[in-house]
Every structure is written in structure tokens, then in C-alpha cells.
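Read-outs throughout are calculated quantities, based only on the coordinates presented, and are distinct from any laboratory measurement. In this text, all values refer to a predicted model and were calculated from it rather than measured experimentally. Every residue, glycine among them, receives a Cβ derived from its backbone with ideal geometry; neighbour counts consider all protein chains shown.
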Amino acid sequence: MLSVRIWGDRGSIPCPGNKTVVFGGNTACLEIRADERLIIVDLGTGIKPLGDWLIANDFKKGPIEADIFITHTHWDHIMGFPMFTPIFLPTTKLRIQGPVSYEDETLESIIGNQLSYRYWPVRLTELSAHIEYGKIKETVIDMGGGLQVSTKYLNHPILCLGYRFEYQGKSIVTAYDTEPFWNVFPTDVRDPHYNEDAAREGEEAAREENEKMLRFFYKADILIHDCQYTAKEYDPSKLGWGHSSYEHAIIAANKARVKKLICFHHDPNRTDKKLMNLENHYRRCVQGKTSMEIIIAQEGMVIEA
């Protein structure tokens with residue numbers, strides 16, 4: 001069985017409070033299970049309750065062992081790591097992999113710099129767990145036992161990876177933080193920097209990357225996609241921020257024949273009431289037009305592929 005449990009679904013910053021009780025206020029953290037095998041995607045603040053749950057449940061059965069995949073190293077996706085209780089246990093084994101934008105820094109140093117006395121009372125060198133770090137790019141990883149992970153670069157201001165987990169004929173895909181690929185060259189002939197060849201090549205490059213994304217999503221049982229904005233909110237001022245609209249995610253997922261679309265990376269100002277209204281609105285929009293299920297991510301939600 002392949003499944004995902006959501007421990008954190010917010011973007012940018014944690015937002016606890018009485019207006020985020022239903023959908024949650026923790027930043028990104030996913031628990032994926034391939035039968036009993038544990039995979040974690042991102043180390044946002046949602047990893048704190050995940051760690052507590054693992055200690056109360058998995059630890060009773062034996063040492064905690066997990067493969068952790070980081071989408072990117074922006075702080076909201078790694079800031080929960082110092083609070084992840086299993087890192088203080090000598091029997092814990094973690095393999096952490098992800099992209100690194102700056103070649104002079106390692107993944108270990110980027111994550112580990114949070115564990116220094118200026119920020120935290122425990123230093124990285126004082127952790128008891130056995131932790132391995134690895135830098136990855138676009139690749140395919142055979143994890144053994146029939147589990148395979150494919151990666152795809154997303155469109156975000158720093159290197160960011162989407163992950164496709166495949167196990168026993170089922171698939172779960174993550175695609176956040178990302179936005180549609182677009183032509184970075186001027187297309188207006190009146191622009192003093194306009195170049196016809198560059199504009200044409202830019203259009204072609206954007207089209208190819210967007211098609212690659214659709215192939216990456218193709219027939220996924222579950223697609224967890226960035227939906228920080230509505231189409232109205234995604235105006236030119238937000239172009240290049242690396243986040244998508246609900247409309248884009250729905251259209252892309254439907255084209256790729258995805259079975260379940262999980263709308264993820266909620267804007268920190270999005271209240272429970274607003275998210276409920278958005279879920280009802282977009283479900284009505286696609287009713288009778290597609291068999292794809294649209295779900296707004298909630299903390300604690302478990303979805304089977």
C-alpha cells in the first residue's frame with residue numbers, strides 16, 4: 001500500500017490560531033508510507049507533531065529509520081528539523097537528500113546551521129541519530145523493494161525538486177513550490193531589449209518544460225500541487241515568486257489524467273472559512289467535467305493511492 005499523511009500544508013510561515021484549526025497552520029511536511037517503509041518530504045514545522053507520533057507509535061516496534069527528501073532549502077521547508085524528536089535518539093537512522101543551489105554549501109551545513117547556539121540550545125554535532133546527507137538533481141532512484149523515486153526541477157527562485165514515488169503500480173507526486181514555466185525574454189517588439197530569436201527560443205523552452213511537467217504528473221494516483229493563489233490573485237506582481245494558482249493546478253492535473261489532486265501550500269492568510277469556500281467553489285467548477293477528485297490539504301489527512 002502507498003499512502004500519504006499531511007503533517008504541514010502551509011506556505012511561507014507557520015500560522016497557528018483559531019482561524020486555521022481545520023486545515024492547520026504548520027509548514028510543509030508529508031509522511032509517505034510504502035507499506036511499512038517511511039519516507040518524509042520536507043522538514044517544515046509539521047515534522048514536530050510527526051516526530052512525536054513516531055515516538056509514540058513506530059518506536060515501540062523498533063528503531064526509527066526514514067528516507068527524507070527536501071524539495072528545497074527555503075526556511076519554511078527546513079525550520080522544523082531541530083524539533084524533530086527522533087534526531088536525539090542514537091538508534092535513529094535518517095537519509096536526507098535534496099537539491100543545493102549554492103555549490104559551496106552542503107545540504108548538511110544548510111540544515112545544520114539552524115542547530116547552533118545563536119539559534120538553538122543543541123548543536124548539530126550533539127545529535128545522537130545517525131544521519132546521512134546527499135545532494136540530488138533530476139534523476140531516478142531505485143530505493144529497493146519495488147520503490148522508485150523520480151525527480152523533476154520545478155519553477156522556483158532557487159533549485160527545487162518535485163518527487164514522484166512509485167510502488168506496486170501506484171504513484172504519489174509532489175509539485176510545490178512551483179509555478180508555470182514562462183518566457184523570461186521580452187516578447188513586446190517595443191521593448192528596447194526585445195530580440196526576436198531570444199523571444200522565440202524562450203517561448204519554446206517554456207512550452208517544453210510545461211510539457212515535461214505534464215509527463216511527470218501523468219496518471220498519478222495522487223498529485224500534491226502548489227495552490228497558493230487563485231487565478232485572480234496570481235497577477236503580474238507575483239510572476240516569478242514560484243507559486244501556482246488553483247486554476248493552473250486543476251487544468252494541468254486534468255490534462256495529465258491525475259486521479260486525485262491535493263491542493264497544497266496554502267497562503268498563510270488563508271483562513272479555514274476561505275479554504276472551505278475555495279474547495280466548494282472549485283469542486284462545483286469541475287463537476288461533470290472530470291472524474292478527478294479535488295481535495296484541499298488538511299493536517300492529519302491520510303490519502304491512499
_I'd like the orientation of helix 246-255 relative to the chain: the angle between its Cα long axis and the longest Cα principal axis, in ° from 0 to 90, rounded to 10._
90
*Ranked highest first by average number of other Cβ atoms within 10 Å, how do 28-41, 209-222 line up?*
28-41, 209-222
*If only Cα atoms are counted, what is the Rg of region 162-289, and what is its Dmax, in Å?*
16.5, 54
*Provide the per-residue ³J(HN,Hα) series for region 298-305, in order, calculated from phi with Karplus coefficients 6.51, -1.76, 1.60 and θ = phi - 60°, each as a whole number of Hz, with x at glycine and proline positions.*
10, 4, x, 5, 10, 10, 8, 6
*In the structure shown, do any of LYS19/LYS219; LYS19/LYS135; LYS19/LYS289; LYS212/LYS232; LYS48/LYS212 have a Cα-Cα gap over 30 Å, and if so which?*
LYS19/LYS219; LYS19/LYS135; LYS19/LYS289; LYS48/LYS212
*Theoretical ellipticity at 222 nm over the chain - DSSP helices of four or more residues, -39500 (n - 2.57) apiece, nearest 500*: -6500 deg cm²/dmol
*asked:* Give the list, by residue number, of cysteines in the chain with no other Cys Cβ closer than 4.7 Å, or say none.
replied: CYS15, CYS29, CYS160, CYS285
*Once the piece of chain linking TRP182 and ASP197 is laid out straight, how much longer is it, given 0.36 nm per residue of separation minus the C-alpha distance between them?*
3.8 nm
*Mind checking the angle between helix 272-286 and the chain's longest principal axis? C-alpha axes, 0 to 90 degrees, to the nearest 10.*
50
*Kindly identify region 10-76 as rounded, prolate or oblate by the Cα gyration tensor criterion: order the square roots of the eigenvalues as a ≥ b ≥ c, call it rounded if a/c is under 1.5, otherwise compare a/b with b/c, prolate if a/b is larger, else oblate.*
oblate
*So in the chain, what percent of DSSP beta bridges are antiparallel if you round to the nearest 5?*
50
*Over the residues of region 84-201, compute the C-alpha Rg and express it relative to 2.2 N^0.38 Å.*
1.49
*asked:* Report, to one decimal in Å, the Kirkwood hydrodynamic radius for region 16-137 based on all distinct Cα pairs.
replied: 14.9
_If you take P(r) over Cα pairs in 20 Å bins from 0, in percent from the coordinates, which of (i) 33, 57, 10, 0; (ii) 32, 61, 7; (iii) 32, 50, 18, 0 do you get?_
(i)
_I need the shape label for region 207-275. Rule: rounded when a/c is under 1.5, else prolate if a/b > b/c, else oblate, with a, b, c from the alpha carbon gyration tensor._
oblate
